[in-house]
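The values are calculated or read from the model by the stated rules, or taken from the named source; none is laboratory data. Bear in mind the structure is a predicted one, so any value in this text is a computation, not a measurement. Glycine also receives a Cβ, built like all others from the backbone with ideal geometry; neighbour counts cover every protein chain displayed. Just the protein is used for accessible areas: all its heavy atoms, side chains included, with ligands, DNA and RNA removed. Shrake-Rupley method; radii C 1.70, N 1.55, O 1.52, S 1.80 Å.
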Amino acid sequence: MTRFVIAGKVAVVTGGARGIGRAIAAALLAQGAHVAIGDIDTVTVKTTAGDLGILGDTMDVTDPASVAAFLELVQRELGPVDLWINNAGIMPIGRVLEQSDALVRRTVDINVHGVINGSRAAARAMTGRGGRIVNIASIAGRIPAPGMALYNATKFAVVGFSEALDAELADQDIRVSAVLPSFTATELISGITVNRLSKPVAPEQIAAAVVSVLAHGRRQAVIPGSLAPSAAMWAMLPRPVSRFLRRIAGFEDAFLHSDGTRAAYDARIAGE
């Protein structure tokens, strides 16, 4: 397969103001792409865009009109979009029976509807030209855990949506891929204690995986790669075995509670 050239391409990264999104934007910029970042955090997205020397503006991925307006801005300023990275997402933890209806709706809106909205807008813009869409899912889209039911549900949806959309758009030369990171060293894991077997990966590792997926046309990438076999086989494991492995990995109860350092993140993702 011919290597896909990123240099010169116009790329959009949603949720690009901080964390993984910012790292992806920087990595694509280093590859020679013309990068635009969208984020609901108007102040931070402008700051990040200024720091990186790229286009950045407000975008609410839950609102198709907002996504369309951002796409129009990008095409006006940079040209037709070639690459679209759906990165925006939130990670609530805790017992699903105790989570508010508002948080459930907000999580599904951002993590699922946001990916669908971005993918639909990007694919329509790419029709007749071809392009690449990468959805940032999670290892939680393959391996469930107590305290992660809501997050698991949304990331399982992203993985399934990505695979189906890739098949649907293949004849348009629009390829859709999913990247499934493990615990990443961002504020998403604030206040969560995991053992040494679940050492967080750096946002830059996720960004490198996105670049690799784009360049080589891979359908899916699990980060770190050592977890790929577990992710592929998890659904076939008997319950006692999966529970044993969760205990060994340290996430049988890691997401059922957190320390006080997560309070600021929880308030932000709840829209408070």
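Find all pairs meeting these conditions: Cβ atoms under 7 angstrom apart; at least six residues apart or on different chains; first residue within the stretch 217-233 and at positive phi; second residue of a type in the set (Lys, Arg). Between residues of the stretch 217-233 that are at positive phi and residues that are of a type in the set (Lys, Arg), the close pairs are Gly217/Arg175.
Can Gly38 be described as touching a Ser or Thr at 6+ places or on another chain (Cβ under 6 Å) and either closer than 20 Å to Ile206 by Cβ or part of a helix (DSSP H, G or I) (or both)? Write out each step before concluding.
Details: touching a Ser or Thr at 6+ places or on another chain (Cβ under 6 Å): yes; either closer than 20 Å to Ile206 by Cβ or part of a helix (DSSP H, G or I) (or both): yes.
Criteria met by Gly38.
Would you be able to say whether some residue in the stretch 68-78 is within 26 Å of Val201 (Cα to Cα) and at pLDDT 95 or above? Scanning the stretch 68-78 turns up no residue that is within 26 Å of Val201 (Cα to Cα) and at pLDDT 95 or above.
Within the stretch 74-120, being surrounded by fewer than 17 Cβ atoms within 10 Å (Cβ to Cβ), farther than 18 Å from Ala153 by Cα and either in contact with a strand residue (DSSP E or B) (Cβ under 6 Å, 6 or more places away or on another chain) or without any contact (Cβ under 8 Å) to a residue 12 or more places away in the chain (or both) holds for Arg76, Glu77, Gly79.
This table checks each residue for (1) within 23 Å of Pro64 (Cβ to Cβ); (2) open to solvent by less than 50 Å² (accessible area, probe 1.4 Å); (3) basic (Lys, Arg); (4) in contact with a helix residue (DSSP H, G or I) (Cβ under 7 Å, 6 or more places away or on another chain).
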position: Thr127; (1), (2), (3), (4): yes, no, no, yes
position: Ile136; (1), (2), (3), (4): yes, yes, no, yes
position: Lys155; (1), (2), (3), (4): yes, yes, yes, yes
position: Phe161; (1), (2), (3), (4): yes, no, no, yes
position: Arg175; (1), (2), (3), (4): yes, no, yes, yes
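Looking only at residues of the stretch 214-262 that are of a type in the set (Lys, Arg) and in a loop (DSSP other than H, G, I, E, B), we find that the one that is nearest to Gly8 (Cα to Cα) is Arg218. Out of the residues in the stretch 132-170 meeting the condition of being in contact with a Leu (Cβ under 8 Å, 6 or more places away or on another chain) and assigned to a strand (DSSP E or B), tell me which one is farthest from Lys9 (Cα to Cα). Filtering first and then ranking leaves Val134. Among the residues of the stretch 25-55, the one identified as of a type outside the set (A, V, I, L, M, F, W, C), under 17 Å from Leu73 (Cα atoms) and open to solvent by less than 10 Å² (accessible area, probe 1.4 Å) is Gly38.
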